[in-house]
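First comes the structure, then the notes that go with it.
The values are calculated or read from the model by the stated rules, or taken from the named source; none is laboratory data. Computed from a prediction, not measured in an experiment: that's the story for all the values here. Cβ placement follows ideal geometry from the backbone for every residue including glycine, while neighbour counts extend to all protein chains displayed. What goes into the accessible areas is simple: the full protein's heavy atoms, side chains included, and nothing from ligands, DNA or RNA. Shrake-Rupley method; radii C 1.70, N 1.55, O 1.52, S 1.80 Å.
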Amino acid sequence: MALYLHSPTSYLPGGYIFRGATLNDLPSIVYLLNQRKFTPTTLHADGLRQEWLTLRFNPALDVRLVFDTREYLVGYLQFWLDGNHPLLWGCVHPAYEGRGVGSALLRWGEARVRLAMDQIPVSLWMAPHFSTLSGQRAHELCEHLGWQQVRPQQAEIKKVTGALHLPETTDLQYDVYEKAVDQLN
């Protein structure tokens with residue numbers, strides 16, 4: 001029910017496509033992530049494919065993609081449930097920041113977290129984390145939507161981001177945000 005309270009697509013310009021992912025989308029997603037330089041090394045579709053083929057993950061339900069009018073992938077958000085801990089991570093192409101893409105994705109992510117929390121006893125709820133590469137625009141968006149920045153230990157960064165396909169030795173600086181479940185839209 002939470003996914004239908006407010007359509008995240010209302011934040012997008014006309015003509016943009018907002019949908020779940022399939023395995024066929026992996027090359028476009030990896031291209032976007034590599035453009036944003038998520039790791040010092042190049043990501044490959046096989047790493048993400050392995051992650052998606054794990055139990056309890058369905059890219060049609062747990063990933064949202066935004067394509068522009070030319071059908072170019074401009075935004076990506078992934079939901080992951082680690083035990084009872086909801087995790088979101090993703091990015092927007094820098095040329096498309098400030099156009100509503102990040103708002104649409106993060107609003108969808110909040111609704112997806114609420115849907116997952118509906119399946120877990122309230123006593124086990126944990127505040128969701130959203131992570132992305134460091135960036136002023138992402139910080140402004142998160143602050144505007146009520147997410148608070150947290151500072152996890154470097155050793156926890158891979159777990160906190162939910163990005164299982166990142167190399168164990170990744171040294172990137174991520175911004176990690178948290179929001180109380182009862183504050184989600």
By residue number, the members of the range 47-71 that are touching a Leu at 6+ places or on another chain (Cβ under 9 Å) and of a type outside the set (A, V, I, L, M) are Gly47, Arg49, Gln50, Glu51, Trp52, Thr54, Arg56, Phe57, Pro59, Asp62, Arg64, Phe67
Tell me, which residue of the range 91-111 that is touching a strand residue (DSSP E or B) at 6+ places or on another chain (Cβ under 6 Å), open to solvent by less than 30 Å² (accessible area, probe 1.4 Å) and of a type outside the set (A, V, I, L, M) is farthest from Pro59 (Cα to Cα)? Tyr96
Quick one: how many residues across the range 101-133 are within 12 Å of Trp147 (Cα to Cα), touching a Cys at 6+ places or on another chain (Cβ under 8 Å) and not in a helix (DSSP H, G or I)? 1
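Every residue, every condition in (1) open to solvent by 10 Å² or more (accessible area, probe 1.4 Å); (2) within 20 Å of Val30 (Cβ to Cβ), yes or no:
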position: Val63; (1), (2): no, yes
position: Tyr76; (1), (2): no, yes
position: Pro86; (1), (2): no, no
position: Trp89; (1), (2): no, yes
position: Ser123; (1), (2): yes, no
position: His139; (1), (2): yes, no
I'd like to know if the range 25-44 contains one or more residues that are at pLDDT 85 or above, aromatic (Phe, Trp, Tyr) and not in a helix (DSSP H, G or I). no
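Listed here are the residues, each with its yes/no results for (1) modelled with pLDDT of 80 or more; (2) open to solvent by 60 Å² or more (accessible area, probe 1.4 Å); (3) in contact with a strand residue (DSSP E or B) (Cβ under 9 Å, 6 or more places away or on another chain).
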site: Leu73; (1), (2), (3): yes, no, yes
site: Val113; (1), (2), (3): yes, no, yes
site: Asp118; (1), (2), (3): yes, yes, no
site: Gln148; (1), (2), (3): yes, yes, yes
site: His165; (1), (2), (3): no, no, no
site: Lys179; (1), (2), (3): yes, no, yes
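Would it be correct to say that Leu87 is outside any loop (DSSP other than H, G, I, E, B), touching a residue at least 40 places away in the same chain (Cβ under 8 Å) and under 18 Å from Leu48 (Cα atoms)?
Judged against the criteria, Leu87 is a match.
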